[in-house]
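Notes to accompany the following structure.
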Amino acid sequence: MRYLTFALAKGRLAKKTLEYFEKMGITCEEAKDPNTRKLIFTNEKYKIKFFLAKASDVPTYVEYGAADIGVVGKDTILEEGRNLYEVMDLGFGKCRMCVCGPESAKELLSKNEIIRVASKYPNIAKDYFITKKNQTVEIIKLNGSVELAPLVDLAEVIVDIVETGSTLKENGLEVLEEICPLSARVVVNQVSLRMEHERILNILDQLNDLIQKES
Ligand code: PRP
């Protein structure tokens, strides 16, 4: 039997996913060491490998088949636009993709003016403004702390993830429009789903049962 390989977005999503696998009896002792710098963990009994990747790279590993399955946020799936099957909503890591800014920027969104939009998610921002709203915008790609942009006049609004809303609040910004809800999703390589159909469905079924039980 060949190894079934999982690419997990490192951080909270990977931690939570490994906890679910542990509950399914698929354990990885090495992964529990909080100081480990290891990137690949193996469960010999079930012939499963987990590797930890940067979230934005997870869809790439899965599309190319370097991983059969990925666990990653819907934000990353939308932004990367890779060829994969999204097969399950894990229901954790819930947040929202929103257009945010100072209250005063609200009218700019209804006037169809050309505005500057800063975001870590230029494709999501472009798709929302151009395709959905038909509003011409200038997208400015940033890599983090995006809330800064409207405060220092780099952009009128931002497109970013809102979870608790406290980052916005503490910086005098607010949600102006909601783009879509987000959460952790399971993605599968298109060939793997055909070749390893039974094994993959079996694991997804077990995961689904656990999630249903917890919700
Ligand atoms: C994310 C996101 C917001 C914040 C939202 O940033 O980009 O800034 O969390 O969370 P909240 O609504 O609970 O305040 P992250 O912490 O990942 O860091 P970054 O800004 O450097 O990307």
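Every test in (1) in a helix (DSSP H, G or I); (2) in contact with a helix residue (DSSP H, G or I) (Cβ under 9 Å, 6 or more places away or on another chain); (3) not basic (Lys, Arg) is passed by Cys98 save one, and that test is (1).
Rundown of residues vs (1) touching a helix residue (DSSP H, G or I) at 6+ places or on another chain (Cβ under 9 Å); (2) assigned to a loop (DSSP other than H, G, I, E, B); (3) in the same structural domain as Leu78 (by TED's automatic domain parsing), yes/no style:
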site	(1), (2), (3)
Lys126	no, no, no
Ile139	yes, no, no
Pro150	yes, no, no
Leu154	yes, yes, no
Asp160	yes, no, no
Leu168	no, no, no
Leu176	yes, no, no
Ser192	yes, no, yes
Arg199	no, no, yes
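Glu147: within 9 Å of the ligand (Cβ to nearest atom), within 16 Å of Cys98 (Cβ to Cβ) and crowded, with 18+ Cβ neighbours inside 10 Å, yes or no?
In short, yes.
Assess whether Leu207 counts as being in a helix (DSSP H, G or I), crowded, with 18+ Cβ neighbours inside 10 Å and not assigned by TED's automatic domain parsing to the domain that holds Ile77. It is false that Leu207 is in a helix (DSSP H, G or I), crowded, with 18+ Cβ neighbours inside 10 Å and not assigned by TED's automatic domain parsing to the domain that holds Ile77. State all residues of segment 104-141 that are within 21 Å of Gly172 (Cα to Cα), under 23 Å from the mean Cα position of the chain (by Cα) and crowded, with 19+ Cβ neighbours inside 10 Å; if no residue qualifies, say none. Answer for segment 104-141, where residues must be within 21 Å of Gly172 (Cα to Cα), under 23 Å from the mean Cα position of the chain (by Cα) and crowded, with 19+ Cβ neighbours inside 10 Å: Val117, Ala118, Ser119, Lys120.
The values are calculated or read from the model by the stated rules, or taken from the named source; none is laboratory data. Please read these numbers as outputs of a predicted model, since none were measured by experiment. Counting neighbours? That spans all protein chains shown, and the Cβs are built from the backbone with ideal geometry, glycine included.
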